[in-house]
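Below is one structure, written out as C-alpha cells, with a few remarks after it.
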Ligand SMILES: [Mn+2]
C-alpha cells in the first residue's frame, strides 16, 4: 500500500495535487491519505511501516518526523520526501529520494513545480500565495505572463485553501484536508475551479468572509500607541480565522504590537486562563518571544509568540509589559 502524507494547508495539499495530476509518473494504485490540521506536522508516525510499500511525504519538517522516517527506511520502504522546513540530518539511504530546500523564498509546491517542469504551474502559484510566498508567487506568475487579475484570483484561492487548514482539530475545519484534496483533484487548472459557480472556491470564499466579518466585530481589550489587543471567542470560527485576522490587523497598523486573546473554556471554575497570540510590530520584529516567555506557559519567536494559559489576573500585567517594551 502507498501512503501520501501531507500537511493540511495550501502548500501541502497542492504539492500532492500536482504530483497526482501528473501523467509523467506512474501513479500508485492503493493509496492511503494521511493529513490533518495545519499545525499537526507530526504525521509520518501514522504510517503503518508494516503495511507501507512506498510513501510520499510533503510539506512537513523532516526533523520533526525523523524517527518515523528512519523506521520506514530501515524496513526498506521507498520514500519520496519534498519539503522546505528544517530538516536536521537527512538520512543516507538508498530508499530515500529527497528534495529539501530551506530557502525562505521557496515552498513545497514550488519545489514540486520544478520537479515537474512547470506542468501545473497555476496550482503552484496559488500554493505559493497561500503559503505567504508573495514575491516568489508573483515572479513565477509574471514568468508565465499571467494578468494581474489572474494573479489576484490565484492568490485568493491560495488564501482560502490555507485558511481551511486552521483549527484546533479537523472538527473545526470546513473540509477535512483529505476531502479537500480529493475534490480539487478534478481540476487540472485552478481557473476551471474558480470559474465554476458554487465550486469549492466559492464555498471557501463565503466561509472565509463570514468568519472574518465576525472577527471584525470582536471586543477590543486595549488599544494604545504600542499595543492593540482583541478578544476572540473560544469557538470553531475564531480558531479558524484568528491567524489570518491577526495578519490583517498587523498589516493595517504596522507600528503596533498585536495580541489576540482567547478565553480557555475548558477550565475549572474560578481559575480562568487565556490563550494569547502576540505579534511584534511589523516594523520592529523583536521581543515577542521574550515577552511571552516572561509569563508561565509562554514562548515563541521574536516576531510572533504566544502564551498557552495566561492566568486572568496577569492579563493587565501582560498589557503593561508589552506596551512598555515597544515604547
Ligand atoms: Mn509549506
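The values are calculated or read from the model by the stated rules, or taken from the named source; none is laboratory data. Keep in mind it's a predicted model, so treat the numbers as computed, not measured. A quick note on method: Cβ atoms are made from the backbone with ideal geometry, for glycine too, and the neighbour counts reach across all protein chains shown.
Key figures for this structure:
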read-out: Filtered residues of region 304-320 (kept if surrounded by fewer than 18 Cβ atoms within 10 Å (Cβ to Cβ) and assigned to a helix (DSSP H, G or I)); value: 312, 313, 314, 316, 317, 320
read-out: Yes/no for residue 122 being within 14 Å of the ligand (Cβ to nearest atom) and in contact (Cβ under 8 Å) with a residue 24 or more places away in the chain; value: no
read-out: Top-ranked residue of region 49-70 - restricted to ones that are assigned to a helix (DSSP H, G or I) and modelled with pLDDT of 95 or more, ranked as nearest to residue 8 (Cα to Cα); value: 65
read-out: Complete set of residues in region 49-77 that are more than 22 Å from residue 39 (Cα to Cα) and either within 16 Å of the ligand (Cβ to nearest atom) or over 27 Å from the mean Cα position of the chain (by Cα) (or both); value: 50, 51, 53, 73, 74, 75, 76, 77
read-out: Total residues in region 1-48, condition assigned to a helix (DSSP H, G or I) and either away from the ligand (no atom under 16 Å from the Cβ) or free of Cβ contacts under 8 Å to residues at least 12 places away in the same chain (or both); value: 4
read-out: Sole exception among (1) more than 20 Å from the chain's Cα centre (by Cα); (2) more than 22 Å from residue 277 (Cβ to Cβ) for residue 219, by number; value: (2)
read-out: Residue check for residue 137: within 15 Å of the ligand (Cβ to nearest atom) and either touching a strand residue (DSSP E or B) at 6+ places or on another chain (Cβ under 6 Å) or within 25 Å of residue 25 (Cβ to Cβ) (or both); value: yes
read-out: Search result, residues across region 81-94 that are in contact (Cβ under 8 Å) with a residue 24 or more places away in the chain, on the phi < 0 side of the Ramachandran plot and either in a loop (DSSP other than H, G, I, E, B) or surrounded by fewer than 18 Cβ atoms within 10 Å (Cβ to Cβ) (or both); value: 84, 85, 86, 87, 90, 91
read-out: Verdict on residue 131 being modelled with pLDDT under 95 and within 11 Å of the ligand (Cβ to nearest atom); value: yes
read-out: Residue identified as in contact (Cβ under 8 Å) with a residue 40 or more places away in the chain and over 30 Å from residue 159 (Cα atoms) among 294, 242, 271; value: 271
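So that you can scan it fast, the table gives a plain yes or no per residue for (1) under 24 Å from residue 38 (Cα atoms); (2) within 14 Å of the chain's Cα centre (by Cα); (3) assigned by TED's automatic domain parsing to the domain that holds residue 234:
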| position | (1), (2), (3) |
| --- | --- |
| 89 | yes, no, no |
| 102 | yes, no, no |
| 111 | yes, no, no |
| 125 | yes, no, no |
| 128 | yes, yes, no |
| 131 | yes, yes, no |
| 147 | no, no, no |
| 158 | yes, yes, no |
